[in-house]
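Just below is one structure, and these are the notes that go with it.
The values are calculated or read from the model by the stated rules, or taken from the named source; none is laboratory data. Just so it is clear, the structure is predicted and the values come from calculations on it, not from any experiment. Reconstructed Cβ throughout: ideal geometry from the backbone, glycine too, with neighbour counts over all protein chains shown. Accessible surface areas use protein heavy atoms only, side chains included; no ligands, DNA or RNA. Shrake-Rupley method; radii C 1.70, N 1.55, O 1.52, S 1.80 Å.
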There are 2 protein chains.
Amino acid sequence: MSTTLGQNTSVGEPHAAVTPEKIIQIGLGFWGSKTLLSSVELGIFTHLAQGPMSCEELARAAGVHPRGSRDFFDALVALGMLNRHAGHYSNTHESNIFLDKNKPSYIGGVLEMANSRLYPQWGSLTEGLRTGKHQNEAKGTDDGFNTLYSDPQRLRTFLSAMTGISLPPAIAIARKFPWNKYQTFVDVGTAQGGLPTQVVLAHEHVTGKGFDLPIVQPIFEDYVHSFGLQKRLSFEAGNFFEDPLPEADVIVMGHILHDWNLEEKMMLLSKAVKALPRGGSLIVYEALIDDDRRHNAFGLLMSLNMLIETPGGFDYTGADCCGWMKKVGFSESYVEHLVGPDSMVVGVK
Amino acid sequence: MSTTLGQNTSVGEPHAAVTPEKIIQIGLGFWGSKTLLSSVELGIFTHLAQGPMSCEELARAAGVHPRGSRDFFDALVALGMLNRHAGHYSNTHESNIFLDKNKPSYIGGVLEMANSRLYPQWGSLTEGLRTGKHQNEAKGTDDGFNTLYSDPQRLRTFLSAMTGISLPPAIAIARKFPWNKYQTFVDVGTAQGGLPTQVVLAHEHVTGKGFDLPIVQPIFEDYVHSFGLQKRLSFEAGNFFEDPLPEADVIVMGHILHDWNLEEKMMLLSKAVKALPRGGSLIVYEALIDDDRRHNAFGLLMSLNMLIETPGGFDYTGADCCGWMKKVGFSESYVEHLVGPDSMVVGVK
């Protein structure tokens, strides 16, 4: 049997150099993914933030049965989520910062939500693709958000998840956007206030508002108080379908537009242009799909997540968004990469 | 905010250079995984084996609703599973060989099984870790295999899945093992006969047997006949818990030992040593865990899959297996890497 790539590709004997390894790795990739999600659910990283533990100590602390404990913890080592030295497990630098529930830098909320809601809902992806209908708790009803917001515990988990996914781009926006030119901003659909917090931490001259549904107010205020920023950040209750947006020098919409259909997206962009002064800016940030729609797998999969989670939402490219901004009256716009899969589109009125 | 790695790692403000990107990518990795599984279920690659198609043509052929079709197909492009040129989608070299259902090289059975059974069962991973109990269809009863084998359609899917996962290492074993020293072999737990087929295709002097439960015989014979190999490969019905193993120069056990607990593993190894002549060889192949249990994530996750799927199964290292072989009477043994996550342990009597 030859070993030269591309020589024998007859279908009966797949060539040794053309292997299905990548196919199998992606197809069974949910194993590693679900292992990390379960480890967050079981508090592995929060326990290890206290110090290194043996297999038996960690299993006892986290309530893991002896049968799978060693494979489970060693799989987390192989996935780069834990260290192991001399038989004792410890957090990696990243897992210690981001997955210890007792630290304000915890971003595990997004993984808790992925574990409890998205993983089972994505089990119906095929049905979603066949029907074009969302597959979440509100399956068969009109609006996923009503269902999501009706359960206070589910709402807290969701809002904390949104902070988890927004914190890295929020930190990048605090650094990359020209805040020195502006005094005030409003974050539309602010959730806990992850972005406003990062912006005012980095820029002492700026004050901001979080805009969201009334039910979100106490959750926002808890979060902002935990940073001692209540003098520079306030909450304005409202509904961006029924009310105008609050006026400010800068308006931010992070992971908001992708929740809605095209008509709703255009309505939100129109409201933003109305609420800005001449020279004011709208910052839209998302896991933007690359303009050629072939590189940012995460952005494309996020759009499928919107298929699963919302009646009409979808993700889009930077070029799509610049086109919409032009239509509603922004005079210029540009796209800038933030971090990981996230980029921002800035529209100037 | 500084941009130098490792300088500001205080927990309140995660440093820009220390990002949770890898955590999020692994935690949401089930998105890409499930997207590939659904694409196999919808026959995307089988349709495209006929020739390139536009988005609309492919969506119509596969029964995909317009809402998600373009994101779905472009996500498969970004995952490296499809090509796209001038608005037309086509299979990659690998997906054309391995994911077209009409080719004998199809290995999608393992992904069909992952989609219909493993994905939902892994949703109970946390419960499996807490209790040490399997979480498959037989949850609460004694033996996953009885349940699996009781439904003929489920059995065919399972056996075809086993061929999918065994074909690449089987091809490597046909090439790497010194078959010139031996005349006969038996493949224990042969399923469709994926390994025996590859061995006799590569070595004209060798004849072999597939050994498995009686219900497997027609499925084995269909597969072997499709290669015209019925004169050199026969089926022997039996139960490796109740019967001795058939005698042969070489015995093969691929992805068999990991299904069983330690006592059952030792019993199977003992039966193998009894069935071999002096100088005969046992080949055990699995996604062996590396001896240091920190590199082969796939092998460790496969062991968690055994937690989900079986009452007592687990994967193991090459050193573990060599130790067991010595205990039951093999005079020497060695480990050799095959392909991807798979390695073989060869024991010589």
Go through (1) under 25 Å from residue A:181 (Cα atoms); (2) buried (at least 23 other Cβ atoms within 10 Å of the Cβ); (3) in contact (Cβ under 8 Å) with a residue 40 or more places away in the chain and name the single condition residue A:299 misses.
(1)
From the list A:89, A:106, pick out the single residue that is among the hydroxyl-bearing types (Ser, Thr, Tyr), in contact (Cβ under 8 Å) with a residue 12 or more places away in the chain and part of a loop (DSSP other than H, G, I, E, B).
A:106
Return the residue satisfying two criteria in turn: it lies in the stretch B:309-329 and is open to solvent by 50 Å² or more (accessible area, probe 1.4 Å) and in contact (Cβ under 8 Å) with a residue 60 or more places away in the chain, and of such residues it is nearest to the chain's Cα centre (by Cα).
B:311
Can you name every residue in the stretch A:81-108 that is open to solvent by 20 Å² or more (accessible area, probe 1.4 Å) and within 8 Å of chain B (Cβ to nearest Cβ)?
A:84, A:93, A:94, A:103, A:104
Residues that are at pLDDT below 80 and assigned to a helix (DSSP H, G or I), drawn from the stretch B:141-155
B:144, B:145, B:146, B:147, B:148, B:149, B:152, B:153, B:154
Selection from the stretch B:62-80 of residues more than 13 Å from residue A:129 (Cα to Cα) and surrounded by fewer than 18 Cβ atoms within 10 Å (Cβ to Cβ) yields B:80
If you check every pair at least six apart or on different chains, which have Cβ atoms under 6 Å apart with a residue in the stretch B:333-349 that is among the basic types (Lys, Arg) first and a residue that is open to solvent by less than 30 Å² (accessible area, probe 1.4 Å) and assigned to a loop (DSSP other than H, G, I, E, B) second?
B:349/B:276; B:349/B:280; B:349/B:330
Among the residues of the stretch A:27-80, count how many are touching a residue at least 24 places away in the same chain (Cβ under 8 Å), polar (S, T, N, Q) and more than 7 Å from chain B (Cβ to nearest Cβ).
3
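Does residue A:174 count as closer than 23 Å to residue B:21 by Cα and out of contact with any Phe, Trp or Tyr (no Cβ under 9 Å at 6 or more places or on another chain)? First the steps, then the outcome.
Values: closer than 23 Å to residue B:21 by Cα: yes; out of contact with any Phe, Trp or Tyr (no Cβ under 9 Å at 6 or more places or on another chain): yes.
Yes: the conditions hold for residue A:174.
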Name every residue in the stretch B:109-133 that is open to solvent by 10 Å² or more (accessible area, probe 1.4 Å) and aliphatic (A, V, I, L, M), in order of residue number.
B:113
Counting only residues that are within 30 Å of residue A:163 (Cβ to Cβ) and modelled with pLDDT of 95 or more, give me the helices (runs of 4 or more DSSP H) lying completely in the stretch B:19-86 with at least 2 of them.
B:21-27, B:30-41, B:66-78
Has the stretch B:330-347 got at least one residue that is at pLDDT 95 or above, of a type in the set (Val, Ile, Thr) and open to solvent by 20 Å² or more (accessible area, probe 1.4 Å)?
yes
Within the stretch A:280-296, can one find any residue that is open to solvent by 10 Å² or more (accessible area, probe 1.4 Å), in contact (Cβ under 8 Å) with a residue 24 or more places away in the chain and part of a helix (DSSP H, G or I)?
no
Considering each residue of the stretch A:189-246, count those that are in a helix (DSSP H, G or I), open to solvent by less than 60 Å² (accessible area, probe 1.4 Å) and of a type in the set (Asp, Glu), and give that number.
0
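Out of the stretch A:111-138, which residues are part of a helix (DSSP H, G or I) and at the interface with another protein chain (Cβ under 7 Å from one of its Cβ atoms)? Don't jump to the end; show me each part of the working.
Filtering the stretch A:111-138 down to residues part of a helix (DSSP H, G or I) leaves A:111-122, A:125-131.
Correct list: A:111, A:114, A:119, A:120, A:122, A:125, A:126, A:128, A:129, A:130, A:131.
Kindly provide the set of residues from the stretch B:250-279 that are outside any loop (DSSP other than H, G, I, E, B) and of a type in the set (Lys, Arg), ordered by number. Spell out how you get there, then give the answer.
Filtering the stretch B:250-279 for residues outside any loop (DSSP other than H, G, I, E, B) gives B:250-254, B:257-259, B:262-275.
B:265, B:271, B:274, listed by residue number.
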